[in-house]
Every structure is written in C-alpha cells, then in structure tokens.
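Down below is the structure, laid out as structure tokens.
The values are calculated or read from the model by the stated rules, or taken from the named source; none is laboratory data. Nothing here was measured: the structure is a model prediction, and the numbers come from that model. Virtual Cβ from ideal backbone geometry, glycine too; neighbours counted across all protein chains shown.
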Amino acid sequence: MNRQTYPTIRLRADRERSTLARHPWIFSQAVHSLDTEVRHGDLVQVESWEGEVIGVGTFSESSSIVMRIFSFTPCVIDEAWIEEKILEADARRKKAGIAHEKTDGYRMVFGEADDLPGIIIDRYRDVFVLQLSTAGADRLREMIVQALEKIFHPTAIVERSDMLSRKEERLEPAVSVLHGNLPKKVVFSEEGIEYLADPLEGQKTGFFLDQRPLRTWLLKNAHGRVLNLFSYSGTLGVAAMKGGADFVLNVDVSASALELCKKHAKLHKIDPDVFQTEEADVFQYLGKTTHELFDMVILDPPALIKSRKDMEEGRKAYHFLNRAAMRLVKPGGIFLSSSCSYYFSFEDMLTTLRRASLQNERTFHIFSSLPQPADHPASLYFPESAYLKTIIGEIGES
C-alpha cells in the first residue's frame, strides 16, 4: 500500500495505553503536541511518545475527542480504502447470518465498531442511508458515496446527518438524496417479513434496525392483548400480531409515526380494529392509565441518557416508565423493557426493574435478556458501542 505522511499528533508518554489497546478515541488531555497546519476535519496520524506511527484518523478541534482512529497501522485513507472497509463490514454481516436472501435491511456500517468512526450506513434493499456525525467523516462524503455506487449500484443514497452531535462538530444538519431517485415507498425484508422505512423524514435513518432480536422474540412468543409503548412505526406490534397476539395498541407522540403504523397494518392486511394507535406522550399516557391491563407490555423508549450529565434525570425517567408500565401487565403477563442508553447499564436496568416490581408489589421473573444484533456489533476495543439491552420476563403477584 502507498504510504502518505499526514499531519501528526504526538501523544504524551503516560497516555498511550488506550490507543495501543485499540480504543479509537484520543482525548485532548492525551495530546503532547500537534502540527500547526492541522485543521478541523483533517486526516491526521498519531505518534507514540517515541515517534512511532500508531494510527491514522480524523481530527476535531471542537470536541474533547480530538482524534478518531480509522486504522492502527500507517495507511492512505482514500476511496479504495473506504471501499475495502465497507466490503469487509458487509461481509461480516453475511458471516454473522444477518444479511441473507430473506433479509435485505440491516446496518451495514456501525461507526467505530467497523473501523469507520462517525459513519453509519444502513441498507434498505437497494436504498442506502448515510449518517456522518463528525467533521472528519463529513469530509469523506464523496468517497463514501462513490464507493457505494461502485459496489452496490443503489437505487438511491440518502443522507440523514441531522443528529445533535453534529452541532458540537460545528456542522449544519444535512438531509438530502445524494444519488439516484428515492422511491415513494421504501420496502425491505427482515427474516422474510416486509417492513417500511422512511429515510428522509422518519426517526434516525427511517427505521429501528437494532430491535431485530426483539421482533424475532415476539414472532415466536407474542399472545393476547399487547400494549406497544413508544411504538414509532409499529414494527414490534406487527411482529407481535404475526407471533399470535390478538390485539395491539400502539402509543406514540408522533402523528407521522402512527401513520406509518397504519401503513404497516395495511401492508400486512391487519384489521385496524385489532391494530390500533393512540397519539399521546407516553409519560402522560402512563400517568393517567391505570385500569386497563394487557397480556404483554412493550416499553421501548428513546435514549433518555445521552451523556453523563443526563444520568440523574434519565434514571428517574427510566424508573417512572418501568414502574408505571409494569402496573399495566396482567398477573402472569409478560413485560418487555428496553434501553438504548449506553450510560444506563444492564445493571442499572436490573436495579430499576427490581425497584419497580417492589413498589408495585409484583414479582418479575426474567425469561431472557437480548443484546443488540450483530449488524450493530459491540466492539471489544470500544465499549461505548455496546448500548442496547432488553429484559423480558413474567409479572406475578407478590
């Protein structure tokens, strides 16, 4: 491979350990010196105190994370390199059994866990959705688009770089169709079941691909009357109906999300009388709903703790939601509780569920816990990539 010398960041002698252990983030406190010509978003190389190049990545002058490492060996990051990394990531999805003839919707690139920090690529059949969260990733947009065009010949490539984290990187939101023509209806398959995504206007990239394990569980175990809280487009409700549920109530604050619920019901020929929607703030809904009980309650809130400063308020919110939602489960019914907050650990969830059960004078017997799927890989070297957890169990009377 051709060698190229990038501007250099040199680490302090006592702050090399995490980089040598392949953690892809370098914080400002670890930096001894950097070349004066380095600019926000530039490709840079990092050197050990002894002067050995131990990584290549992108630089940020506006974040406490000054460098995100793409490679822990010297390399040239160009279109060929990007293409190779995308191919490697896609191949891992196939090896893991995520992408196959019955599944053409999955996360193809998951940022740091796939050696592409700040870059998310989701695939919905022949439509690809790109998220770029850092200034360095933003600079690579054209290379990424060209690589996707060359490898996959997509119908459309959509950018959904409108996450709040871009503000810290001094970047404006970017939402557009970068290539091709976006179909009016974006349909894809997951384990042979068709779902709808809304890449331009939906939440995240238009679908919550990471809840695939929970949908799979519901397909095998759903029954009775189901309450689906924070339903978004109702896909967990669809999986529940296909798994044997008699009735699903989808509750979400977003009218557009509930329209997608209705479209999913129509797509799967589900009677709207047994697949209902209610537009409501879930906190308020749970505050006033105490009498109606369900055989299964699904609680899948958005990330309520996005940083350490949110931890106290976020824990209170998770506690309120779990305590209030648990009350609506019939004795002998099933409670399914998820969290997508990295800063709310599995142990935090167990503590919250234990407190909720005791305050409700109920018992909670855990059946299983579900991690995030293999297309959202949790990296050994990047603990921050492990964020999603779901706990499922039976509610009893104490």
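Figures for the structure shown
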read-out: Lone qualifier among R68, R107, R92 - being basic (K, R) and closer than 14 Å to T134 by Cβ; value: R68
read-out: Residue list for segment 263-285, filter: in contact with a helix residue (DSSP H, G or I) (Cβ under 8 Å, 6 or more places away or on another chain) and closer than 9 Å to V251 by Cβ; value: T277, E278, E279, V282
read-out: Any pair with Cβ under 6 angstrom, 6 or more apart, that starts in segment 153-166 at a residue that is among the small types (G, A, S) and ends at one that is buried (at least 22 other Cβ atoms within 10 Å of the Cβ); value: A156/V127; S161/Q131; S161/L132
read-out: Residue match in segment 69-91 (condition: buried (at least 19 other Cβ atoms within 10 Å of the Cβ), assigned to a strand (DSSP E or B) and either not assigned by TED's automatic domain parsing to the domain that holds G136 or not small (G, A, S) (or both)); value: yes
read-out: Selection count where residues are more than 17 Å from the chain's Cα centre (by Cα) and on the phi > 0 side of the Ramachandran plot, scope segment 80-124; value: 1
read-out: Top-ranked residue of segment 44-68 - restricted to ones that are over 19 Å from Y381 (Cβ atoms) and in contact with a helix residue (DSSP H, G or I) (Cβ under 7 Å, 6 or more places away or on another chain), ranked as surrounded by the most Cβ atoms within 10 Å (Cβ to Cβ); value: F59
read-out: Helices (runs of 4 or more DSSP H) within segment 215-306 that include 2 or more residues under 14 Å from L321 (Cα atoms); value: 282-288
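Yes or no, residue by residue, for (1) within 30 Å of H100 (Cβ to Cβ); (2) modelled with pLDDT under 95:
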residue	(1), (2)
E292	no, yes
A317	no, no
A325	no, no
G332	no, no
L336	yes, no
C340	yes, no
H365	no, no
S379	yes, no
